[in-house]
Structure formats: C-alpha cells, structure tokens
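Presented below is the structure to which this report refers.
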Amino acid sequence: MSKILIIGATSTIAIATARLFASEGNDLYLVARNSEKLDIISTDLKTRGAASVHTKVLDMTDSEQHEDLIKECVDAMTGLDIVLVAHGTLPDQSDCQQSWDKTYKELDTNCLSILSLLTSCANYFEHERNGTIAVISSVAGDRGRQSNYIYGTAKGAVSIFMQGLRNRLHDSNVQVLTIKPGFVDTPMTKEFPKGPLWAKPETIAQGIIRAIKKKKEVVYLPWFWRFIMLVIMHIPEFIFKKLKL
Amino acid sequence: MSDSRYRSWGGYPRAEHEIHKLHWLTDSWPNYLNKPLLPFGNGRSYGDSCLNNDGILLDARGLDHFIHFDTESGILRCEAGVLLSEILELIVPKGWFLPVTPGTRFITVGGAIANDVHGKNHHRNGTFGRFVNQFELQRSDGTRLVCSPPENQEMYEATIGGLGLTGVILWAELRLQKIHTPHMNVESIRFSNLDEFFELSEESNDLFEYTVAWIDCLAKGDALGRGFFIRANHATELSSDPPRSPGRKPGFPVELPFSLLNSYTLKAFNLLYYNKQFLRRWQGTQHYEPFFYPLDGINHWNRMYGKAGFLQYQCVIPHEHGKEAVRNILNEISRARSGSFLSVLKVFGDISSPGMLSFPEPGITLALDFPNRYKKTFELLDNLDILLKNAGGRLYPAKDARMSADNFKHFYPNWEKFSQYIDPHFSSSFWRRVTV
C-alpha cells in the first residue's frame, strides 16, 4: 500500500484519481482550501476503501508553509511514496492582458506555488532515494497561443521544471511524471462548448494511475493528444503566428 | 443548451433547458425567480418526467459522494447523484446487493427514489422506496428537511415516487440485502401462450426471488403471448467455473438518422429470440450483470431507434381483469400491425408502495416499446389506454411521454393531495402536461 499526498484534492481530476487510489486501500493525505469540501471528499474516500484519510486546509500560494506541509504529511502517514499535484485555475486571458496583478496571481497559483512545493518534495524524495512526483501540467504548456498564453506560460514552466527535476532525480530512483491532459469536462471548463475531443475526468484518472504504475515520464491524456501536439509543435512559427488559436 | 446529456431515454420529446450543475451539498442554486426548476439525474426516464422545457435543470449527477457504508449491517448512506452501478461496485465485493434494482444500473439514487423504481423481485421486496430509511430534501426556499417514516412522514411519502417535484434529494440512506456470491442461479423456460405464463408465475413466485418474462408480441392466435419465463435466485455457493462480468461494451456512438427497427427486423428479432433456446428449459449460473442488466451491455441502445426516438408503454392491471386485458392489448397491437421490440411481462406482488404517486400495485405489469411513428403510434397507444382504463389499470409516469391529463388524473386520484407537497418553484414538462 502507498502513502499518497494529493494537492488540490477537491479538483475534479484529483477526486477521480483519489477514488481509484482509495479503492486499492492506500493511505491518503489531502490538501485543499475549502474545509467543507475536504470533509465531503474525505468521507467518500474512506467509504471507498482508503486505509486512512488525512486532510489539511491550505492555500498553496502560501509557499512558506510547504516545508512544514511535507513534514506534517510524512509524520501523519509515517512516510510518503507519491505526491500528486492537481491544484490550479483557468485564468481569464483577456483580463490578464489588462492587468499585471491578475497575471502575477495566476502565475503564482498555477506555477510558482507548484515550483515551491516541488522544491521541498524533491529534497525529501532525493534523501529517501525513492518515490513518485506526479504533476498535472497541460497540453497548453507545449506552445504559446493568443487565447491562452498566461495559462500556457505557467504550465510550460512547470513542465520544464519537471524535466530538470527528472534529470536531477534519476540517480535517486525518483519517478518524475508530467501529466498533460487535453480538454477535460470539469467545472473549470464549464463555459466551453464540448466536442468529441473532450474527455471525462475518470478517463484522465485511469491514465494517471497507469502512468504512475508504468513508471512513465511524460504522458498525454487521452493518448491522442500526443499526436495532436506533435502536429501543433511542428507548425513553423511564421505560419503559427498568423493562426487564430 | 441542447447538450445530448439532457434528453430523456426515449428521445421524445426534446426540450430546451438552462443547466445548472450541482457538485457539492454546499452549492447554492441559481436565481430561479422566473423559471421553474427540476432536478436531473442520469436521464434514464423514458418520457418527459425528467425534462423541464424552457426551465432550469439542476443536474445532480455531480452529487456523487459516498457518506458511509456499514459492512456489518448493510446500511449505506450516499449522495443522491451516485449511480446504482457505483453502489454495486462498492457493495458486491463486500457481500451486499441492492434490495431492488430496475433493468438498468445507470440511474442515480435520487432518480430511483423519485420514480420509486421496481424490479424482477417486486413480488418479494416491493419497490425501492421501501428500503430508503431516510433522505434529506432541499427546497427552493433554502430549507432542508430530513425525511423518514417517523420524521416529516408526509414529505417522505410525497418524495418517494414524487418525480423530483418536491425538491432536490441531497443524500439518502438505504438498507441493502445480503448475498453470498455475485452469481445467479437462473432458469429460463419457454412457454407457448399466456395461460402457461400465468401458471409459471404462480408456481415460481414462492420459490424464486426474481421472475420476469419476455414475450413475442408478434405471435397471434393460439401462440398469443408465447415467450420465455426467467426465474432466478442469488447463488449461495461459488461454482467451480464462476461466470465473469462481461467487461468492455459495444454500443451506438452516434444517433442514427433512421430507425433500425422496422417490421422486418422486428419479426426477425422476435423469431430468432423465441427460437434461440433449443431446449424448453435452460438452467445455469450467470454473473449478476448480464442477468439484471442485459441492455446495459450495449451502450446507448436507445439510439437504435434513430432521431425520432421511441415510446415506452408500461402499465399495471389488477389481477381481476389482468389476463383478459393483457390479451386484448396484445391483440390490439397485432391488429395495428405494430410491434414491440422487447415486451416484458411480470406479476407484481401485494406489498404496498410507500409513495403517494408510486406506480406499482398488485396485478400484472406489461412493458412495451414502440419506435416513434408519430400519429400512427400515438393512435395505437390511445387505444391501449382505453383498454387499460376499462380494466382498472394505470400507466408508469417514468416511461410516459403522451398520456392525457384526464387519464393521469384518473390513474392517480392522489395527484391533488400530492400537489400540496410540490415545491412552489419546481415543475416538469410531464407535470405541466398531465395537470392542465
């Protein structure tokens, strides 16, 4: 059985993944901002078979707390095997273009808070010489587009940070998994019209579990996004800049 | 928003809705000042009882958290958007089963209560509502009522079978049934006419927990009402070669522009199905999934009926006139050169239903489905209503898209009493249609 820390535990993808972890009888430590929602999730996961569920209310942009968070989590579960980072927001691109304050806030939530947490996690796992760091990035981080480049910047930075971390922790036997979902039908994307490319959170959750078990490094979810992004990445910049994407 | 999720299972009628998704018991509702509200579960009601044309649907499927499961006593508490399939995944490995389940497991707990659903064991257990210890109901004025037989009893009785009109069920507590294995000991017996069906029912109801029959609605004359009688009990011991769950499902990925069902395919299916079993009697062990949910094995089987959709007709007729009325109904269908793809017959037991508007009552229930050929189909069903009314029977609102207001009021004389418990800001396409 594994001891698993989930950040942003009330996000839809995190819930779907936590349910699969719970049904396998793992120990869970959940972090989110809203204590009422954490309670609902916690009883749900206990009922579904989690060996134990611990919760902590924390705003992840409070990076001074990260070092202590890892310590508390390790104490509570007497160890830590997997960290899944799933918190985030979908910034309003046009609002961000008008305001650096808003842009900074979004970068803080979707990027800096993650980098700070990963700094503490990486040191812990490097010392333990074992463990898994899994972070939900996004296909949006693969290439900047006018409709979504603040989010893309945050996710792109996370992906590159993870790349470096993977290189650094390779010798310490630590799995560093970058998860890049495409369109997922969650409350975060409720304003978007849904089409055939949209996936259910449960599908993404199964992909995450599979990628962790198979010791993958980077995974696109669902799988076909690897090919969509391959095409998008290969469009020459002088053409790409003219596209309305 | 004309999202295909917010349709009824029969695909008729269509409706336009504003959608508001509920994910947390703590979520607030939208401003509902000028539009009626209706909770929506998983869209498995066939007609328009789950639709609210030009109104707001409160999509409660997101209320999908478990709250407590006592594996000793078999008491389960969960939010109302949890599917029966999700409950089964949790409880079957622990030796428990649903005390009542309809023919699909893809319905929410809230929907099961709001339609007071029944299953193949009605003669033993009655309806789903009988196993609901308590639930919490949220009304549009913000009040929350815990309802159970001792507490808010009338609201409890109005909400069970209340078609979602009394408020949103937030969570419910259910009493489960103990099982020893996930398997079923099943017997399937071919019968050659209606009289044999009634004899088989009589002899089986005491010995078998589950009984149901499929009938070949195209057979005429002496063979009228021929079909298969299926009866089963939960297996108490694991067999040496245990059957397994069927796994991945085929299905209809898109809606077809036309119906696959016409008089030729219908004839072929009924003939093949009736003759599929070489022996008069087949006995064997089945996993519970194909036994209880044969159609769940085909994703979106309703799409086989094409764009126009289909109409279900499920009625119950008191024993007194039961045999004769079933015979008359089958004759009328045959006379109209129409036919039902799957026709199901079952004898209900005497256990009374807890809901004010619950459908089941002692007698014989017949369920038929017809591809929607508009005027032709509607005329036939209107004729069936006359036969049904004369025999003292009634129709199942969860499957209806067309019964007249007069007939509804005749079938459910309790409707006025029930109306007092409707939330003042709630309504549905069905309710507006049957109470004009």
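The values are calculated or read from the model by the stated rules, or taken from the named source; none is laboratory data. In this text, all values refer to a predicted model and were calculated from it rather than measured experimentally. Positions of Cβ are backbone-derived with ideal geometry, glycine not excepted, and every protein chain shown enters the neighbour counts. Side chains included, ligands, DNA and RNA excluded: accessible areas come from the protein's heavy atoms. Shrake-Rupley method; radii C 1.70, N 1.55, O 1.52, S 1.80 Å.
Filter the stretch B:60-79 down to the residues that are of a type outside the set (S, T, N, Q) and not in a strand (DSSP E or B), then identify the one that is surrounded by the fewest Cβ atoms within 10 Å (Cβ to Cβ).
B:E72
Cβ-Cβ under 7 Å, sequence separation 6+ or interchain: first residue in the stretch B:63-86 and more than 9 Å from A:T47 (Cβ to Cβ), partner of a type in the set (S, T, N, Q) and assigned to a loop (DSSP other than H, G, I, E, B). Which pairs?
Pairs found: B:L83/B:N42; B:L84/B:T101.
Need a quick list: helices (runs of 4 or more DSSP H) entirely within the stretch A:86-131 having at least 1 residues that are within 22 Å of A:M162 (Cβ to Cβ) and at pLDDT 95 or above.
Passing ranges, in order: A:100-107, A:113-128.
Of the numbered conditions (1) among the acidic types (D, E); (2) touching a strand residue (DSSP E or B) at 6+ places or on another chain (Cβ under 8 Å); (3) at pLDDT 95 or above, A:D171 satisfies every one except a single condition; which is it?
(2)
Filter the stretch A:63-81 down to the residues that are charged (D, E, K, R) and without any contact (Cβ under 8 Å) to a residue 12 or more places away in the chain and list them by number.
Of everything in the stretch A:63-81, those that are charged (D, E, K, R) and without any contact (Cβ under 8 Å) to a residue 12 or more places away in the chain turn out to be A:E64, A:D68, A:K71, A:D75.
Would you pick out the residues in the stretch B:6-22 that are of a type in the set (S, T, Y) and open to solvent by less than 40 Å² (accessible area, probe 1.4 Å)?
B:Y6, B:S8
Quick check: is even one residue across the stretch A:146-157 open to solvent by 10 Å² or more (accessible area, probe 1.4 Å), within 24 Å of A:V74 (Cα to Cα) and not aromatic (F, W, Y)?
Scanning the stretch A:146-157 turns up no residue that is open to solvent by 10 Å² or more (accessible area, probe 1.4 Å), within 24 Å of A:V74 (Cα to Cα) and not aromatic (F, W, Y).
Could you tell me how many of the residues in the stretch B:413-427 are open to solvent by less than 20 Å² (accessible area, probe 1.4 Å) and either within 18 Å of the chain's Cα centre (by Cα) or among the aliphatic types (A, V, I, L, M) (or both)?
Qualifying residue count for the region: 0.
So in the stretch A:168-195, with the set limited to residues that are within 14 Å of chain B (Cβ to nearest Cβ) and in a loop (DSSP other than H, G, I, E, B), which one is least open to solvent (accessible area, probe 1.4 Å)?
A:T186
Does B:N115 fit the bill of being closer than 20 Å to B:L165 by Cβ, in contact (Cβ under 8 Å) with a residue 24 or more places away in the chain, open to solvent by 10 Å² or more (accessible area, probe 1.4 Å) and not β-branched (V, I, T)?
yes
From the residues in the stretch A:196-226 that are assigned to a strand (DSSP E or B) and of a type in the set (V, I, T), which one is most open to solvent (accessible area, probe 1.4 Å)?
Within the stretch A:196-226, the match that is most open to solvent (accessible area, probe 1.4 Å) is A:V218.
Given B:L384, B:L366, B:L357, which one is in a strand (DSSP E or B) and of a type in the set (A, V, I, L, M, F, W, C)?
None of the other options fit; the residue is B:L366.
Restricting the stretch A:132-166 to residues that are of a type in the set (K, R) and part of a loop (DSSP other than H, G, I, E, B), which is nearest to the chain's Cα centre (by Cα)?
Once the filter is applied, the top-ranked residue is A:R143.
Answer with yes or no whether A:T119 is under 27 Å from A:F238 (Cα atoms), away from chain B (no Cβ under 14 Å) and more than 14 Å from the chain's Cα centre (by Cα).
Spelling it out, it is not the case that A:T119 is under 27 Å from A:F238 (Cα atoms), away from chain B (no Cβ under 14 Å) and more than 14 Å from the chain's Cα centre (by Cα).
Is it fair to say B:T108 is hydroxyl-bearing (S, T, Y) and open to solvent by less than 40 Å² (accessible area, probe 1.4 Å)?
Taking the combined requirement at face value, the residue satisfies it.
Search the stretch A:1-15 for residues being touching a residue at least 40 places away in the same chain (Cβ under 8 Å) and at the interface with chain B (Cβ under 10 Å from one of its Cβ atoms), and hand back the single one that is most open to solvent (accessible area, probe 1.4 Å).
So, considering only residues that are touching a residue at least 40 places away in the same chain (Cβ under 8 Å) and at the interface with chain B (Cβ under 10 Å from one of its Cβ atoms), the one most open to solvent (accessible area, probe 1.4 Å) is A:T12.
Cβ-Cβ below 6 Å, separation at least six or inter-chain, first residue in the stretch A:21-46 and over 14 Å from A:H87 (Cβ atoms) and assigned to a loop (DSSP other than H, G, I, E, B), second modelled with pLDDT under 95 and of a type outside the set (D, E): which pairs?
As it stands, the answer is A:G25/A:M1; A:N26/A:M1, since those pairs meet every condition given.
Does B:H180 qualify as being closer than 30 Å to B:L279 by Cα and surrounded by 19 or more Cβ atoms within 10 Å (Cβ to Cβ)?
No.
If you go through the stretch B:391-411 one residue at a time, how many are free of Cβ contacts under 8 Å to residues at least 40 places away in the same chain and surrounded by fewer than 22 Cβ atoms within 10 Å (Cβ to Cβ)?
The qualifying residues number 7.
Specify which of the listed residues (A:D101, A:D44, A:D39, A:D108) is within 14 Å of chain B (Cβ to nearest Cβ) and either open to solvent by 40 Å² or more (accessible area, probe 1.4 Å) or farther than 17 Å from A:I15 by Cβ (or both).
Residue meeting the stated conditions: A:D39.
If you take the residues in the stretch B:118-145 that are farther than 22 Å from B:L395 by Cα and aromatic (F, W, Y), which one is least open to solvent (accessible area, probe 1.4 Å)?
Taking the candidates together, the pick is B:F135.
Let's see how each residue does on (1) more than 11 Å from chain B (Cβ to nearest Cβ); (2) crowded, with 23+ Cβ neighbours inside 10 Å; (3) of a type in the set (K, R):
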site: A:T17; (1), (2), (3): yes, yes, no
site: A:N26; (1), (2), (3): yes, no, no
site: A:V31; (1), (2), (3): yes, yes, no
site: A:S35; (1), (2), (3): no, no, no
site: A:G49; (1), (2), (3): no, no, no
site: A:T55; (1), (2), (3): yes, no, no
site: A:L58; (1), (2), (3): yes, no, no
site: A:D62; (1), (2), (3): yes, no, no
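Select from the stretch B:88-100 the residues that are open to solvent by less than 10 Å² (accessible area, probe 1.4 Å) and outside any helix (DSSP H, G or I) and write down the one among them that is farthest from the other protein chains (Cβ to nearest Cβ).
So the residue we want is B:V100.
If I filter the stretch B:335-349 for residues that are without any contact (Cβ under 8 Å) to a residue 40 or more places away in the chain, open to solvent by 40 Å² or more (accessible area, probe 1.4 Å) and farther than 30 Å from B:P93 by Cα, do I get at least one hit?
Within the stretch B:335-349 (the criterion being without any contact (Cβ under 8 Å) to a residue 40 or more places away in the chain, open to solvent by 40 Å² or more (accessible area, probe 1.4 Å) and farther than 30 Å from B:P93 by Cα), the answer is yes, since at least one residue qualifies.
Checking B:L38 against (1) more than 15 Å from A:R19 (Cα to Cα); (2) open to solvent by 20 Å² or more (accessible area, probe 1.4 Å), which test does it fail?
Of (1) more than 15 Å from A:R19 (Cα to Cα); (2) open to solvent by 20 Å² or more (accessible area, probe 1.4 Å), only one is false for B:L38: (2).
Yes/no matrix, rows are residues, columns are (1) within 29 Å of B:D206 (Cα to Cα); (2) open to solvent by less than 30 Å² (accessible area, probe 1.4 Å); (3) touching a strand residue (DSSP E or B) at 6+ places or on another chain (Cβ under 9 Å):
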residue: B:Y264; (1), (2), (3): no, no, no
residue: B:F310; (1), (2), (3): no, yes, yes
residue: B:V326; (1), (2), (3): yes, yes, yes
residue: B:F359; (1), (2), (3): yes, yes, yes
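Among the listed residues B:G111, B:G43, B:G103, B:G47, identify the single one that is more than 14 Å from chain A (Cβ to nearest Cβ), in contact with a Cys (Cβ under 8 Å, 6 or more places away or on another chain) and assigned to a loop (DSSP other than H, G, I, E, B).
B:G43
Could you identify the single residue in B:L57, B:L25 that is open to solvent by less than 40 Å² (accessible area, probe 1.4 Å), away from every other protein chain (no Cβ under 13 Å) and more than 18 Å from the chain's Cα centre (by Cα)?
B:L57
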